[in-house]
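Right, one structure below, let's go through it.
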Amino acid sequence: MSHGNLNQLLSRRYKMLVFDWDGTAVASRRGPVDHLIWRTEALLGRGVWLAAVTGTNFANLHRQFFSFLHPKVKANMLACVNRGSEVYGFDSEGCPVRLWAREATDAENAMMDEAVDMAQRILKEQHDLAAEIVSNRMNRRKLDIMPFPKWDDPPKEKIAELLQKTQERLKTAGIAGLASVIDLVLRCSEQVGLDGRVTSDVKHIELGLTDKADSVDYLIDQIAKPHGIDASDILFIGDEFGSIGGCAGSDSKMITPKTEHAAFISVGQEPEGVSPAVHYMGGGIESFSRILDMQMNLWRESGETVPGCQGPMGDDPPLLLQPTENNWGVCETAAGTPHETGWDVAAADTAASYETLFTLTNGYLSVRGAHEDGLNRENPGSFVAGVFDRASGPYDVPELVVIQDPLPIEICVDGEKVAGDRISDYRRQLDMPAGILHRFYRWSDGVGRIISVESERFVSDVDEHLLCMRLSVTMQRGSGRVSLRSRLNGNVSNSGVAHLAVDSVEALSDGSACVCTTTIESEIGIALACVERAVTVKSGDKGERDAARKCEPFVGAASLRDQVSSIQPVPYQSDSAAGHDFEVCLEEGQSMETRKFIAVHTSRDAIWRTRGREPGPSRAQKQRPSMDELASAARANAGEAAYCGYSNCKAEHAAKWSKKWECCDIRIDGPARDQTALRFALYHLASLGPQSNDTVSIAAKGLHGQGYKGHVFWDTEIFILPFYVAQFPDIARRLLMYRYNTLPGARRKARENGFRGAMYAWESADSGDETTPKWSAPHPETGERARILCGELEDHITADVAYAVWEYCRWTGDWDFMESYGMEIIVEAARFWASRAEWNDEKARYDILGVIGPDEFHEQVDNNAFTNYVARWTLLAALELAEGFPAVWDDLARRLGIGQDEPDQIRRVADLLYLPAPDPDSGVIEQFEGYHHCERKLIKQADVVMLGRLLPDLFDKRVWSANWRYYEPRTTHLSSLSASAHSAFASYLGLHKEAYDYFEQCIHIELQDEKGNLKDGVHAANLGGMWQAVVCGFAGMKLLNAEGRDSSRNRGEDETDPVISIDPRLPSSWDRLHVSVECRSRLVRATITPYRVAAANRLRSGKAGETGESQAVVIDCAGRRQRVAAGQSAEFVLV
């Protein structure tokens, strides 16, 4: 049967799958079944009928497989055992029920014994061939003609070898072959008067009363037909449909008149082929698993599932990115007009969004996904984390600076510039496993010439200063002079606002160039240098051209040198740009290629800070590196990369990314769009973390654009940081060090507002000073400007930072950080809240008045529930730390001038702070005083719901459910932070559909540009929130304390092992979820299905002398706790 027909067969959904057991579903009757359990449970859970058809007895099958299946799904599971003699099913409790049996009479048993005895005797007497009789089988007897230890239980993959050895043994004994022994047993059966069925698995000749035909006919008549399942809706899978040694394979018995309209697939070796009725696939149990996977996908996507299972996304508009193979890459799909072989280049209205989506960054250097050859450059830009300059104009606040453009490479053919028209076969793809952006297109000049352009680039994850690019042009039809004009361009701006003064430009004939600039207000030096080479690759087949291109530096083995010739760089420089021109005549089939190694160094880099320069606004010019030093460092960096070679730099970069994915990948057996979107989020999160600098953080728009001026919000600590805490704790520590290093700015803000301690900026840049604009930009028509109060009133940011510090220490066990840095942050935050709260003499309580809560629609409100509760949390945390670390407290008191009465004041405010309580009747917590009497009750994003996300143990689920029901319908979700918070909280409340719907909304925000501002950068909080929705929500993973709670401030010093709770609530369209988290050096890998959880503990890192026992973790799941040592695992069956 053709592969086309097989593929068509595999693309159908089947309502019943009937399969052979050993050799098809499992390697042997003693083999593992892990690959089978979750797949069968997934299909059974969707209402598909499964039937195992085997010669073994039910007890063996139950012991190997059925006993492990979840009772909830067994109702559609069937076992056709004892070679067609019995059929078993399962009742509603998952207990086996014998549905049908054919039992031999005493006379039939006697005739079977007599027949095989006769055959054994004939073989011995006439051929001197020893054979053993196996009698303990229901309705059958076996004659073992290979009674040797080596072939005691041969695996199916050795069937060909077994057949060869058996035939050799028989021929030595003077027997023609296996078919002759089968004929002998059949004659003996007839001689004793028995109408027997004779089959063989090569090792045995089996005489019985039934075979697999009896089983499948029962399935058709008694199961399929009563449930409305036609034979055409049944797929039979086996490994012995063809003849073996001249006799029919046992699985061929499943082909009966009643099953002739069914589909049949063989996954066996089938040495003698299969009949036309059977589609051959081969591959054994791997192919069988693949068939199950395909059926899971088809049923999942169809929507025709058991009640409650969500179907496909229906009429949802397509995502801006679509997955490549295995959901590991994403490519541009909604770009323009489709062609037979590709897409047009993106139109201007989407170009800026794709520049965001295809941004490459390593946490230091960021390069937006603009086209290097200028096909459509809507909003290009490159950034270095922490390089801010004050913007002139309506905002007058520091903004992240667009640095010199490293990308431009203009392509001309006989003087005509390659542009966006006459482009075909366009494709751009982000290789997420390796962090590389690829692009390909063809261009025609209108007179018959066609060139193809292929490019790739990566921002190195090994050397944070380095960007590597490769671009090749191939003359596919015709010939002509092709020129590449490569530049470093210093004439850039932030949407028209200039921040850079060009200090120097230089291009040399050796292929090196450098453009140096200084930020105008902050006076940060930026040196951008490159080394570039270009070659001609002569015509040859694709393999030869690829081999030539891999030569480093373009000249390798002698056999390839004739294929490659260097192109002399012609230096170019202007007032603001420097680079080189490369030009060559290309014949048809020839290529030219350039490789560009770019390095960026700034006077703010860590290496220069070690010389004593302090970051922030107070800069001492004498401590700065000179521009010559910066330029020298950048040139040397680029030169070293060029010497190392593009291929080596690329390989090292990809290897680093591979290690990242080992830490943070999450795998979903579910809708492809969910896996693609989640991996997209993980990719950009893993890209954004600072690798070496603890004076920078992650902005609301990442390093992906100019949105929000590159400022840092509460987004980082509440939505983004948890990902790093559980996946990359070293980066999480640096992000918190940013808050420690910006304490001076927070203290200044507190003092300016008349408070003690530290009052963190709502929008923060490099110094920690408040950078929130006080006024909006003028309205384009009226010129009116709106007052922005967030920087003055959205005070909960200070508690958010304190909360994040504690969560980091609790998860990682890094209490050294708490002693050295974190406690100072929390104490200063508590001092702020103690001074911020106002005594209400009339009501004998403390109030926090005139704030903005997370819901930013309501401004200058009193006693916002979220703000008051997290403020009290901070006050209590400081008191607990003072008690737990008295020496550190004493040191802080001396350094910070903490008065002796302040601890009592902190305690008094904590005890008497007004905390809005749930209404005794409705359970609803009033969002702020007077909210219930407001005319406008719509809210922007999660507020009380956000409180439940952070501090769920404040109240029971009854209260939180009441607040969900009240506030969720009133929430507009205009903020990109809202959907993920609602998804995770809905999971916590057991609202599965709502949780998944909000997760899907997260996808729309990022990959359908739901908010309309993707051009300005990614929504970093949404990316981090997606991780939380999956790990904290769907997987239900959280760290407990000894009392089984997840939000206590108890440090757990007496707890030897961390306790991780796993309480999954998978979306009904997900069949399996793989998640890993790191907790106190333990790497916990969880595999979750709707029916079971498997948790493994792998020691990632630890101190000398630590053992598996000392690095154990306790898993709390499905009502029990189990201690799991390093290197061990545990499984939990969900109720």
List, in order, the whole-Hz ³J(HN,Hα) value for each residue of the stretch 67-77 obtained from phi through the Karplus relation with A = 6.51, B = -1.76, C = 1.60 and θ = phi - 60°; use x for Gly and Pro.
-> 5, 8, 6, 5, x, 4, 10, 6, 4, 9, 9
With a Cα-only, solvent-free Debye model of the stretch 1-133, what are the log10 I(q)/I(0) values at q = 0.12, 0.14, 0.16, 0.22 Å⁻¹?
-> -0.64, -0.78, -0.89, -1.29
Sites N840 and L6, calculated FRET efficiency, Cβ-Cβ separation with R0 60 Å, nearest 0.05 = 0.20
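Of the trypsin sites (Lys or Arg not before Pro) in the stretch 785-877, which ones lie in a loop per DSSP and count no more than 13 other C-beta atoms within 10 Å? Mind showing how you got there, number by number?
Values: sites: R785, R787, R810, R831, R836, K843, R845, R872; in loops: R785, K843.
Filter output for the stretch 785-877: K843.
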What number, in percent, do you get for the relative contact order of the chain if the mean sequence gap of Cα pairs under 8 Å and at least 6 apart is divided by its residue count?
-> 8
If one computes the Cα centroid of the stretch 239-307 and of the stretch 893-936, what distance in Å separates the two points?
-> 67
For A277 and K225, compute 0.36 nm times the residue count separating them, minus their Cα-Cα distance, and round to one decimal in nm.
-> 16.5 nm
Expressed as an acute angle from 0 to 90° and rounded to the nearest 10, what is the orientation of the C-alpha long axis of helix 978-988 relative to the principal long axis of the chain?
-> 40
Degrees separating the helix 348-357 axis from the principal Cα axis of the chain, which is the longest one = 80
Ratio for the stretch 959-1041, C-alpha Rg to 2.2 N^0.38 Å, reads 1.10
Over the alpha-carbon set of the stretch 106-208, divide Rg by the Kirkwood Rh and report the Rg/Rh ratio to two decimals.
-> 0.96
Once the principal axes of the Cα atoms of the stretch 1059-1133 are found, what is the range along each, listed largest first in whole angstroms?
-> 44, 21, 15
Which aspartates and glutamates have a Cα less than 17 Å from the Cα of K650, not counting those fewer than 8 places away in the same chain?
-> D431, E454, E456, D461, D463, E464, E532, D546, E552, E593, E640
Inter-site label distance for E880 and E125 at 7 Å from Cα along Cβ, in nm = 8.9
Once both label points are put 7 Å beyond Cα along the C-beta direction, the N60-C585 separation in nm becomes 7.8
With r as the distance between the Cβ atoms of S565 and D503 and R0 = 22 Å, compute the FRET efficiency 1/(1 + (r/R0)^6) and round to 0.05.
-> 0.05
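Under the 0.36 nm per residue contour assumption, what length would be gained going from the current alpha-carbon distance of K957 and E652 to full extension? Before the final figure, lay out each step's value.
On the way: separation 305, 0.36 × 305 = 109.80 nm, distance 4.92 nm.
That pair, K957 and E652, stretches by 104.9 nm at full extension.
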With a 29 Å threshold on alpha-carbon distance, the violating pairs from K660/K774; K15/K142; K660/K940; K124/K158; K937/K1015; K596/K659 are K660/K774; K15/K142; K660/K940; K937/K1015
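Kirkwood Rh over Cα pairs of the stretch 878-1008 into Stokes-Einstein at 25 °C, 0.890 mPa s: D in µm²/s? Before the final figure, lay out each step's value.
Numbers: Rh = 17.5 Å.
Result for D is 141 µm²/s.
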Could you tell me which GluC sites (Glu not before Pro) in the stretch 87-138 are loop residues by DSSP with no more than 15 other beta carbons within 10 angstrom of their beta carbon?
-> E93, E103
Phi-derived 3J(HN,Hα) across the stretch 87-97 with the Karplus relation (6.51, -1.76, 1.60, θ = phi - 60°), rounded Hz, x for Gly and Pro, is 10, 10, x, 9, 7, 5, 9, x, 8, x, 9
Can you pull out the trypsin sites (Lys or Arg not before Pro) in the stretch 410-469 that DSSP calls coil and that have at most 12 other Cβ atoms within 10 Å?
-> R422
Distance histogram for the stretch 345-660 (every C-alpha pair counted, 20 angstrom bins, percent rounded to whole numbers) = 32, 58, 10, 0
So, in Å, what gap is there between the alpha-carbon centers of the stretch 21-36 and the stretch 992-1016?
-> 42
Starting from the amide H of F955, placed 1.01 Å from N in the peptide plane, find each other amide H under 5 Å away whose residue is 5 or more places distant or on another chain.
-> none
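Bear in mind that the values in this text are calculations on the coordinates, not laboratory data. As the structure is a prediction and not an experimental result, all values here were calculated from the model. Heads up, the Cβs are rebuilt from the backbone with ideal geometry, glycines too, and the neighbour counts pull from every protein chain shown.
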